[in-house]
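**Student:** Structure in structure tokens, see below.
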Amino acid sequence: MKFINVLIIALMLLVGTAMADEKIADTQNALPNLNTLSVLSGTLDENSPTYDRIFGGSVSLECASQVIDSSQNGMYFALFCIEASTSDPIEIIVDPTGTNISDTVMTLYCDPFDPGDASFNVVSYDDDGGDGLLSAFTIADGITLTPGDSYFLVLSTFGTGAMGDFVINTSDNVTECGTVATEAGSWDSLKASYR
């Protein structure tokens with residue numbers, strides 16, 4: 001009987017882990033406020049860096065969102081260093097009119113971002129908070145950043161191998177810290193330039 005109980009528990013954990021990466025219905029369909037936005041853009045292609053993305057979690061202004069490792073590995077990603085000019089809530093939304101990637105994921109990190117440990121320093125993760133399968137952090141999410149501190153925004157795809165162009169609109173209190181060179185000799189040298 002003990003063996004059967006252990007087997008049932010193991011099966012439930014396995015099914016629960018597999019279900020964790022399933023899509024849930026998109027209920028938000030956030031669109032950018034076109035009166036107040038800045039634009040971040042780029043392309044994900046075979047020259048983009050890759051990482052093993054995370055999944056889930058909730059907003060943690062203390063940089064400790066409880067995310068889990070996704071079963072999706074080797075996602076192309078783009079990295080932006082951002083900062084806030086005010087302590088008002090921020091908005092970061094993938095724009096459907098400039099994006100031809102069908103399914104995006106965004107993760108916001110405190111400094112430093114380490115692609116080798118994507119679950120470290122997470123402020124927030126979003127899969128389908130925007131239009132359709134696109135990502136968005138909206139005012140309703142209540143994400144406030146410390147003005148002058150550096151944060152890292154990672155845009156990736158939901159599934160492995162997806163590529164394309166993207167446009168991200170942000171509220172006017174979000175600015176880019178500077179260009180992040182993802183083709184740097186090492187991630188240690190990249191991180192050192194933002195400390």
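**Student:** List the strands (runs of 3 or more DSSP E) inside segment 44-157, counting only whole elements, that have at least 2 residues being surrounded by fewer than 22 Cβ atoms within 10 Å (Cβ to Cβ). Even if it seems obvious, please write down each step before you answer.
**Tutor:** On the way: elements: 75-84, 92-94, 104-110, 122-126, 151-157.
So the answer is 75-84.
**Student:** Search segment 115-143 for residues being under 13 Å from the mean Cα position of the chain (by Cα) and of a type in the set (Asp, Glu), and hand back the single one that is farthest from Gly57 (Cα to Cα).
**Tutor:** For segment 115-143, the residue satisfying everything is Asp128.
**Student:** Right, something else. Find all pairs meeting these conditions: Cβ atoms under 8 angstrom apart; at least six residues apart or on different chains; first residue within segment 162-183 and among the acidic types (Asp, Glu) and at pLDDT 95 or above; second residue surrounded by fewer than 17 Cβ atoms within 10 Å (Cβ to Cβ) and in a loop (DSSP other than H, G, I, E, B).
**Tutor:** Here the result reads Asp165/Gly98; Asp165/Asn100, each pair linking segment 162-183 to a residue that is surrounded by fewer than 17 Cβ atoms within 10 Å (Cβ to Cβ) and in a loop (DSSP other than H, G, I, E, B).
The values are calculated or read from the model by the stated rules, or taken from the named source; none is laboratory data. Computed from a prediction, not measured in an experiment: that's the story for all the values here. So basically every Cβ, Gly included, is an ideal-geometry build from the backbone, and we count neighbours across all protein chains shown.
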